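I have placed the structure first, in the form of structure tokens, so that the comments after it can refer back to it.
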Amino acid sequence: MIINSSYGLDPGQVKQFIVVPTLTAMGSQFASLSAINLCLGIAMAESRLRYKRQITNSGFGPARGLSQMEPATHDDCWTNWLNFPAQAQVAKVIRGLIGNLTPNADLMIANDSYAFALERIKIYRDKEPLPAWNDAAGMSRYHKRVYNTSSGAADADANVVHFKAAIAA
């Protein structure tokens, strides 16, 4: 077994045992190879597959889960997308990932599948097409634009390495 010490968890195992089954359960429109690689790459760039809660100079920040989603983003995914009748089927699948508990951002800390599902919803809601499954630079730019925002700390040039690793995993 090859272990990449840059990451807390093995990217190949996270991809095979968490990302692929989660996105597949959500439905075929969520589980393209581009989406799988992008979701894994975002988690690699955001937390190095190591941190379940954002680390700051003064303790913990607001972001949760391997994908480091903030509670306001989590809540927006439910309030403005998942709670609508057109999304009832995928919402049911995602609720099943949390044992039908009331959706809460803190659940992303302990439940990696839930965290990746919400990450995928955040990405899915963007109007632009996903980058090609093997376009690491495009995925890094997409991450910065859609998931991190222009004022966020992500560096699209520096993070290409994480998306290359996600594609290779």
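The values are calculated or read from the model by the stated rules, or taken from the named source; none is laboratory data. All values reported here derive from a predicted model rather than from experimental measurement. Please note: Cβ atoms are built from the backbone with ideal geometry, for glycine as well, and neighbour counts cover all protein chains shown. In case anyone asks, the SASA skips ligands and DNA or RNA and just uses the protein heavy atoms, side chains included. Shrake-Rupley method; radii C 1.70, N 1.55, O 1.52, S 1.80 Å.
Looking at the square roots a ≥ b ≥ c of the eigenvalues of the Cα gyration tensor of the range 108-169, which shape do they give, rounded for a/c under 1.5, prolate if a/b is larger than b/c, or oblate?
rounded
If you rank S28, S113, S6, S47 by how much accessible surface each has, with a 1.4 Å probe, what is the order from largest down?
Reading off the accessible areas and sorting them downward yields S28, S6, S113, S47.
Please list, ordered by chain and number, the residues whose modelled amide H lies under 5 Å from the amide H of A63; skip anything fewer than 5 residues away on the same chain.
Q54
Run the accessible area of the chain with a 1.4 Å probe and give the carbon-and-sulfur part as a rounded percent.
Within the chain, the accessible surface is 53 percent carbon and sulfur.
Per residue, how many Å² of accessible area does the chain show with a 1.4 Å probe?
Ligands and nucleic acids excluded, the figure is 50 Å² per residue.
Each residue of the range 138-145 in turn: what ³J(HN,Hα) in whole Hz from Karplus with 6.51, -1.76, 1.60 and θ = phi - 60°, glycine and Pro shown as x?
x, 5, 5, 5, 4, 4, 4, 6
Counting Lys and Arg as +1 and Asp and Glu as -1, each charge on the Cβ, what is the dipole of the chain about the Cα centre in debye, to the nearest 20?
The dipole magnitude comes to about 140 debye.
For the range 53-169, what number results from the quotient of the Cα radius of gyration and 2.2 N^0.38 Å?
Details: Rg = 14.8 Å, N = 117, 2.2 N^0.38 = 13.4 Å.
Against the empirical 2.2 N^0.38 Å value, I get 1.10 for the range 53-169.
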